[in-house]
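What follows is a short report on a single structure.
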Amino acid sequence: MSLKARLTQAHILTAPGVYDGLTASIAADAGFEALYLSGAAVAYTRLGRPDIGLTSVSEMADTMTLIADRVELPVIIDADTGFGNALNGQRTMRLYERAGAAALQIEDQTYPKRCGHLKDKSLIPPGEMAGKVAALADARRSEETLIVARTDAIAVEGLNAALDRAERYLEAGADVLFIEAPQDRAQMDRITTTFAGRAPLLANMVEGGATPISSAADLQAQGFAIAIFPGGIVRALAHTARDYYTSLKANGSNMPFADRMFDFDGLNRVIGTQDMLAKGAAFSRDD
């Protein structure tokens, strides 16, 4: 089922964050229907750096290609600001579509951007952002490819301005609205009331961020159609990696950590090694 078709259903779509083929395959095996590839996760894992606009469009497209080669689930991919003006946004659309993305998320911050839950963000004019949304809509090859328009205006201009901006982006051709970092339940309710029945709404769950953490079921009850948990996997793995390296340095062995990690055979089962070897053997010819 396409992402566009899935969003016509009443049940909320939960999309966990992934950052490579391994995390995408594990998330798919867990039963999720869609995935979310954030620029933050790529910056954290590939660069070891914060989400302050350091990732490039080619790094994101390359990562998307590898994920699409590994799993068949639809992926919502972070397009940051489109990596420039409207023409850059169109190039991003073409690159991401070819890489296999089901939806592009574009935001109205200035470039370079920063994480939506960091302070001191700045915005481009709403008309410029509306132009980017329209440019993406004009450049996409398939109407099944969705445009997620994100505004970071709550932290900069307030909730009313954010709602006004979202209206303009919807008129420009956005398929999904993402009003970033509402600060409490009242703001979240105002968002869902304003756009109820007019566009699918996306909620971003960031542990320790500006928005109260809610379950997918609670977000559905509020009126959201998509719940993303973009960076949770990186926070979980970074925590585990710190403990692992600390243990290895202290003990000179992985034995004390063995109950918290796969052994060689266990990991091979997760990544399907035997199935891949059998598939390769099926194509072998003894001529």
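The values are calculated or read from the model by the stated rules, or taken from the named source; none is laboratory data. These figures come from a predicted structure and were not determined experimentally. Glycine also receives a Cβ, built like all others from the backbone with ideal geometry; neighbour counts cover every protein chain displayed. Surface accessibility is based on the protein's heavy atoms, side chains included, excluding ligands, DNA and RNA. Shrake-Rupley method; radii C 1.70, N 1.55, O 1.52, S 1.80 Å.
Loop-only check: which trypsin sites (Lys or Arg not before Pro) in the range 224-285 are DSSP coil with at most 16 other Cβ within 10 angstrom?
Sparse-neighbourhood loop trypsin sites (Lys or Arg not before Pro): Arg285.
Computed FRET efficiency, Cβ-Cβ of Ile213 and Leu248, R0 30 Å: what is it to the nearest 0.05?
Calculated value: 0.40.
Could you tell me which chymotrypsin sites (Phe, Trp or Tyr not before Pro) in the range 220-287 are loop residues by DSSP with no more than 10 other beta carbons within 10 angstrom of their beta carbon?
Answer in residue order: Phe283.
Give me the dipole magnitude in Debye, nearest 20, for the range 218-287 about the Cα centre, with unit charges on the beta carbon: positive for Lys and Arg, negative for Asp and Glu.
The calculated dipole for the range 218-287 is roughly 280 debye.
Taking a cut-off of 28 Å between Cα atoms, list the lysines near Lys119, but don't count ones fewer than 8 places away on the same chain.
Lys132
Work out the FRET efficiency for Glu143 and Asp265 from their Cβ-Cβ distance, taking R0 = 45 Å, and round it to the nearest 0.05.
Once the sixth-power term is evaluated, E becomes 0.50.
What does the charge add up to near Ala28, with Lys and Arg as +1, Asp and Glu as -1, over the other residues with Cβ less than 12 Å from its Cβ?
-2
Take every DSSP beta bridge whose two residues both sit in the chain, then give the antiparallel share in percent to the nearest 5.
If we restrict to bridges inside the chain, about 5 percent are antiparallel.
Work out the charge dipole of the range 198-287 with +1 on the Cβ of Lys and Arg and -1 on the Cβ of Asp and Glu about the Cα centre, then indicate which of Ala281, Gln222, Ala241 is farthest towards its positive end.
Projecting each Cα onto the dipole axis, the largest value belongs to Gln222.
Multiply the residue gap between Ala161 and Ala278 by 0.36 nm, knock off their C-alpha separation, and tell me the result in nm, one decimal place.
Taking Ala161 through Ala278 to full extension adds about 36.4 nm, to one decimal.
For the range 57-173, what does the accessible surface come to per residue with a 1.4 Å probe? Please give it in Å².
Accessible area per residue, the range 57-173: 40 Å².
What residues of the range 37-56 lie in the reach of a label at Phe257, counting those whose backbone N is under 18 Å from a point 7 Å from the Cα along Cα→Cβ?
45
Could you calculate the contour length gain from Ser122 to Arg46, that is, 0.36 nm times the residue separation minus the distance between their Cα atoms, to one decimal place in nm?
24.8 nm
Note the per residue figure in Å³ for the convex hull of the C-alpha positions in the range 138-287.
Expressed per residue, the convex hull around the Cα atoms of the range 138-287 is 231 Å³.
Which of Thr23, Asn85, Leu104 sits closest to the plus end of the dipole of the range 23-111, meaning its Cα is farthest towards the positive end, when Lys and Arg get +1 and Asp and Glu get -1 on the C-beta?
The residue sitting farthest along the positive end of the dipole is Asn85.
Which residues make up the longest stretch of the chain clear of GluC sites (Glu not before Pro) that lie in a DSSP loop with no more than 16 other Cβ atoms within 10 Å, not counting the sites?
208-287
Rounding to the nearest 20 debye, state how big the charge dipole of the range 158-287 is about its Cα centre with +1 on each Lys and Arg Cβ and -1 on each Asp and Glu Cβ.
Around 220 debye, computed over the range 158-287.
For Asp29 and Arg198, calculate 0.36 nm times their separation in residues minus their Cα-Cα distance, and state this gained length in nm to one decimal.
Result for the pair: 57.6 nm of gain on full extension.
Under a point-charge model restricted to the Cβ atoms of Lys and Arg (+1) and Asp and Glu (-1), what is the dipole moment magnitude of the chain relative to its Cα centre, in debye to the nearest 20?
Around 320 debye, computed over the chain.
Quickly estimate the mean residue ellipticity at 222 nm for the chain, helices only: each DSSP H run with n ≥ 4 gives -39500 (n - 2.57), and the total goes over all residues, rounded to 500.
The per-residue figure over the chain is -14000 deg cm²/dmol.
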